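These notes are about the structure you will find just below.
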Amino acid sequence: MSVEAVEPIDEAMEGALRRATRYLDRLDPKLPRRTRAELIARAILTIFDNYYKRSREIPFAYQRLFEERNWPETFKLSVERLTIYGRYLNAVIPMLHERWPSNIPDVRGFWVEIEAAYLDYIHGRYEADLAFAFLRTTRRVVRQGEWAPVAYHAGRQADGPEFDVSNEVTLTFPASGTVSAGAMAHVLTVPDFRAPFRDLHADAALLADRLNAELEKRGAIVDSPCALEFINAGFFRNRGAYLAGRVWYKKKNGAHGAADGNAANREFLPVVIALLNDKNGIYADALITKSDEIHRIFSSALANFHVTEYAYHQLARFLHELMPKRPLGLHYSTIGFNHVGKVAVMRELLAEHNRTQEMLDFAVGSRGTVAIGFSMPSSRYVLKVIRDTPAEGYKWDAFDGPDSVLQKYDLVHDMDRAGSMLDNVMYSNVRLERSWFAPELLKEFAEAAPGSVKILHRYVLFRHLIVQMKLVPLPVFLKGADAETGKRAIEELGICIQNNAAANIFNKDLDARNYGVSRIGKIYLFDYDAVEPLSGVKVRTNLGRIDGEEDIPDWFFETGTIFLPEEMLVGLRIDDPELRRHFREANAELMSVDYWEGMQRAHSKGFVPKVRSYLPERSLSAQSRMGD
């Protein structure tokens, strides 16, 4: 598929709206109620089908732009990918409002009939769960303002069919004993690039050498003729492309180095190859074989990947096998299927509760003044509700209400999070069993968030619910860390703040309690009630003032957000003096006016600082291989 073959989105949407309108124009009060429900279901499905077709074209278009090195257009395509669902939804809602049958008083019951017809139409389709999510989102928006809970499930039986990784999404290549350069050359050509490689065979040989060295370190031997398995697709993001797969092996056994004959001892080495494209052609830039480092690349704290493969269930499961520390639901989000991810996250929460019988209670760490955080002790997720009004200790003069905070969480969800801000799974009008909740937590909901939470006899109903990956709050982590681990965390904190600045995000509440440490030791910002564009911050300093001066500094009378970099450590509230000293040494530039004003100038000129998602030492060459 070429870029030119992709119809402009506005034209595609107009065509879909015309087709959907034809169904709605046939609505007649004389028609049986069931027939009218079917016509509305057909209209909604027509819009979804066009959305789905368009969303599946985008990754292939993105590949062509990567091949052409057309970076400005890749940015535009990424924006379209982030907004396309909302654009189609915003198109269908007024159409339904305008033509909704006026003689049907029981709206809720009529929606049940629409849903039944819709489920008949999507039965047996691979993307039925995504289609059903579109219907449910449409219903929620049409009935906005009502507390009408809907279930977040896939539109089929409660558990639904399991989609196993199979040859539908993977290719296998010959590899026995060791991985050959020839096999790696085949892997590199999986995306069927139209652009040339700089030196395909040299890259393939280097990759094979590196892979065999990693296998040797593990005392491993490739024991199957088809042990090299890769996803039959390219993963595209920003200026890079990635290939994801694994090498199956067994441990060497005995003096002659034969493979262990026990089939149960079969393991795999995860493999991700990073590709770049410069004026001299496509080349392999890095090889990553550690699950935690692959986790960084596929983090939902970065922009979503564009993947040239339709089978999103199998893709998510394959990635989950490569990176088991990340919950399955977040893998769906990583490849751009946020609405399917919502269903998966809710299923995981239910499974966690059923398995452990743990109750939802206040999250570990200090209680937030804006958000109420809660979780199950062994869960991999934290849930949040925004308070109606801030709790005691709120740092700012004005609070614009829960909706203003939710808008900030939505903003972060829709942007390139630069690798250092957690993504948010956002739910509306969702209900959970009341028996899941600790009594003190229910009391907090009733007192602090009655506008967002209703406590019923059997259920707790949330007007909004935010779900994030669970982190250890940075102050809690530092208390239990040894000296070296603590210093590394302080360095990671500096990287996190720099990456946020690269995304034009400034967190005016620099308190360390707003940052957390993941299972792989990476630090993320996870509270967003105090974030705003860096470009609008007023960077000032007191360094030029003489001690004892009585004059009030000029900046004191300015409005807006004022930031004094030299006072950064005061805001971070890091108690340990050694760690404060290390922050000053490791992140000296963050405490200078020049750094922050330089970042602001870069954003004003449209320059976007690069954020690297893998470590420099994973480069395949010791020398710089920079393109133009």
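The values are calculated or read from the model by the stated rules, or taken from the named source; none is laboratory data. Fair warning: this is a prediction, and the values are worked out from it, not measured in the lab. Positions of Cβ are backbone-derived with ideal geometry, glycine not excepted, and every protein chain shown enters the neighbour counts.
Give the residues of region 299-335 that are at pLDDT below 90 and in contact with a strand residue (DSSP E or B) (Cβ under 8 Å, 6 or more places away or on another chain), sorted by residue number.
Across region 299-335, the qualifying residues are Ser300, Ala301, Leu302, Ala303, Asn304, Phe305, Arg326, Pro327, Gly329, Leu330, Ser333, Ile335.
When you check Glu168 against the structure, is it among the acidic types (Asp, Glu), more than 16 Å from Phe268 (Cα to Cα), within 33 Å of the chain's Cα centre (by Cα) and not in a strand (DSSP E or B), yes or no? First the steps, then the outcome.
Details: among the acidic types (Asp, Glu): yes; more than 16 Å from Phe268 (Cα to Cα): yes; within 33 Å of the chain's Cα centre (by Cα): yes; not in a strand (DSSP E or B): yes.
Considered against the rule, which asks whether it is among the acidic types (Asp, Glu), more than 16 Å from Phe268 (Cα to Cα), within 33 Å of the chain's Cα centre (by Cα) and not in a strand (DSSP E or B), Glu168 comes out as yes.
Given Ile466, Ile490, which one is among the hydrophobic types (A, V, I, L, M, F, W, C) and either in a helix (DSSP H, G or I) or surrounded by fewer than 20 Cβ atoms within 10 Å (Cβ to Cβ) (or both)?
Working: Ile466 fails: either in a helix (DSSP H, G or I) or surrounded by fewer than 20 Cβ atoms within 10 Å (Cβ to Cβ) (or both).
Just a single option satisfies the conditions, and that option is Ile490.
Go through region 576-606 and count every residue that is surrounded by 11 or more Cβ atoms within 10 Å (Cβ to Cβ) and in a loop (DSSP other than H, G, I, E, B).
Final tally of qualifying residues: 3.
Considering only region 95-104, I want to know if a residue exists there that is modelled with pLDDT under 90 and closer than 26 Å to His313 by Cβ.
Checked against the condition, which is being modelled with pLDDT under 90 and closer than 26 Å to His313 by Cβ, region 95-104 yields no hits at all.
Would you check if Leu406 is in a helix (DSSP H, G or I) and modelled with pLDDT of 85 or more? Working first, answer last.
Details: in a helix (DSSP H, G or I): yes; modelled with pLDDT of 85 or more: yes.
Considered against the rule, which asks whether it is in a helix (DSSP H, G or I) and modelled with pLDDT of 85 or more, Leu406 comes out as yes.
Can you work out which of the residues in region 493-524 that are in contact with a Ser or Thr (Cβ under 9 Å, 6 or more places away or on another chain), under 21 Å from Met323 (Cβ atoms) and not aromatic (Phe, Trp, Tyr) is modelled with the lowest pLDDT?
Top of the filtered list is Ile520.
Quick check on Val345: is it assigned to a helix (DSSP H, G or I) and within 15 Å of Ile466 (Cα to Cα)? First the steps, then the outcome.
On the way: assigned to a helix (DSSP H, G or I): yes; within 15 Å of Ile466 (Cα to Cα): yes.
Against the criterion (assigned to a helix (DSSP H, G or I) and within 15 Å of Ile466 (Cα to Cα)), Val345 qualifies.
Residue-wise test of (1) hydroxyl-bearing (Ser, Thr, Tyr); (2) surrounded by fewer than 17 Cβ atoms within 10 Å (Cβ to Cβ).
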position	(1), (2)
Tyr23	yes, no
Ala41	no, no
Asp49	no, no
Gln63	no, no
Pro72	no, yes
Ser78	yes, no
Leu96	no, no
Ala116	no, yes
Asp120	no, yes
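Take the residues in region 80-94 that are at pLDDT 85 or above and out of contact with any helix residue (DSSP H, G or I) (no Cβ under 8 Å at 6 or more places or on another chain), then tell me which one is surrounded by the fewest Cβ atoms within 10 Å (Cβ to Cβ).
In the first step, residues of region 80-94 are kept if they are at pLDDT 85 or above; the result is 84-85, 87-94.
Retained after the next criterion (residues that are out of contact with any helix residue (DSSP H, G or I) (no Cβ under 8 Å at 6 or more places or on another chain)): 90, 94.
Details: Asn90: 12, Pro94: 9.
That would be Pro94.
Let's see how each residue does on (1) in a loop (DSSP other than H, G, I, E, B); (2) at positive phi; (3) of a type outside the set (A, V, I, L, M):
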{"position": "Asp10", "(1), (2), (3)": "no, no, yes"}
{"position": "Gly15", "(1), (2), (3)": "no, no, yes"}
{"position": "Leu31", "(1), (2), (3)": "yes, no, no"}
{"position": "Ala41", "(1), (2), (3)": "no, no, no"}
{"position": "Asp49", "(1), (2), (3)": "no, no, yes"}
{"position": "Arg56", "(1), (2), (3)": "no, no, yes"}
{"position": "Phe60", "(1), (2), (3)": "no, no, yes"}
{"position": "Val79", "(1), (2), (3)": "no, no, no"}
{"position": "Leu96", "(1), (2), (3)": "no, no, no"}
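Within region 553-567, which residues are surrounded by 10 or more Cβ atoms within 10 Å (Cβ to Cβ) and not in a helix (DSSP H, G or I)?
Pro553, Glu558, Thr561, Ile562, Phe563, Leu564 - these are the residues of region 553-567 that are surrounded by 10 or more Cβ atoms within 10 Å (Cβ to Cβ) and not in a helix (DSSP H, G or I).
(1) over 30 Å from Met95 (Cβ atoms); (2) surrounded by fewer than 15 Cβ atoms within 10 Å (Cβ to Cβ); (3) at pLDDT below 90: which one isn't true of Arg194, the others all being true?
With respect to (1) over 30 Å from Met95 (Cβ atoms); (2) surrounded by fewer than 15 Cβ atoms within 10 Å (Cβ to Cβ); (3) at pLDDT below 90, Arg194 is out only on (3).
What are the residue pairs meeting all of these: first residue in region 516-533, first residue more than 30 Å from Gly401 (Cα to Cα), second residue not charged (D, E, K, R), Cβ atoms under 7 Å, and 6 or more apart or on different chains?
Correct list of pairs: Ile520/His295.
Is at least one residue of region 434-456 surrounded by 15 or more Cβ atoms within 10 Å (Cβ to Cβ), in contact with a Lys or Arg (Cβ under 6 Å, 6 or more places away or on another chain) and part of a loop (DSSP other than H, G, I, E, B)?
Checking region 434-456: at least one residue is surrounded by 15 or more Cβ atoms within 10 Å (Cβ to Cβ), in contact with a Lys or Arg (Cβ under 6 Å, 6 or more places away or on another chain) and part of a loop (DSSP other than H, G, I, E, B).
Take the residues in region 109-140 that are small (Gly, Ala, Ser) and closer than 14 Å to Ile47 by Cβ, then tell me which one is modelled with the lowest pLDDT. Steps first, please.
Within region 109-140, the subset small (Gly, Ala, Ser) is 109, 116-117, 124, 128, 131, 133.
Then drop every residue that is not closer than 14 Å to Ile47 by Cβ, which leaves 131, 133.
Values: Ala131: 92, Ala133: 85.
Per the stated criteria, the residue is Ala133.
If you check Leu510, Leu478, which single one turns out to be in a loop (DSSP other than H, G, I, E, B) and more than 30 Å from Arg143 (Cα to Cα)?
The match here is Leu510.
For Arg210, are the conditions met, namely being crowded, with 21+ Cβ neighbours inside 10 Å and under 34 Å from the mean Cα position of the chain (by Cα)? Spell out how you get there, then give the answer.
Working: crowded, with 21+ Cβ neighbours inside 10 Å: no; under 34 Å from the mean Cα position of the chain (by Cα): yes.
Spelling it out, it is not the case that Arg210 is crowded, with 21+ Cβ neighbours inside 10 Å and under 34 Å from the mean Cα position of the chain (by Cα).
Can you find a residue that is hydrophobic (A, V, I, L, M, F, W, C) and assigned to a loop (DSSP other than H, G, I, E, B) anywhere in region 375-393? Spell out how you get there, then give the answer.
First, pick out the residues of region 375-393 that are hydrophobic (A, V, I, L, M, F, W, C): 376, 382-383, 385-386, 391.
When the remaining residues are screened for being assigned to a loop (DSSP other than H, G, I, E, B), the result is 376, 391.
The answer is yes; a qualifying residue exists.
Give me the pairs, please: first residue somewhere in region 77-102 and within 20 Å of Asn338 (Cα to Cα), second residue anywhere and at pLDDT 85 or above and not in a helix (DSSP H, G or I), beta-carbon distance under 7 Å, and either six or more positions apart or on two chains.
Arg81/His306
Which one of Leu350, Leu330, Leu315 is assigned to a helix (DSSP H, G or I) and farther than 26 Å from Arg239 by Cβ? Steps first, answer last, please.
On the way: Leu330 fails: farther than 26 Å from Arg239 by Cβ; Leu315 fails: farther than 26 Å from Arg239 by Cβ.
Going through Leu350, Leu330, Leu315 in turn, just one is assigned to a helix (DSSP H, G or I) and farther than 26 Å from Arg239 by Cβ: Leu350.
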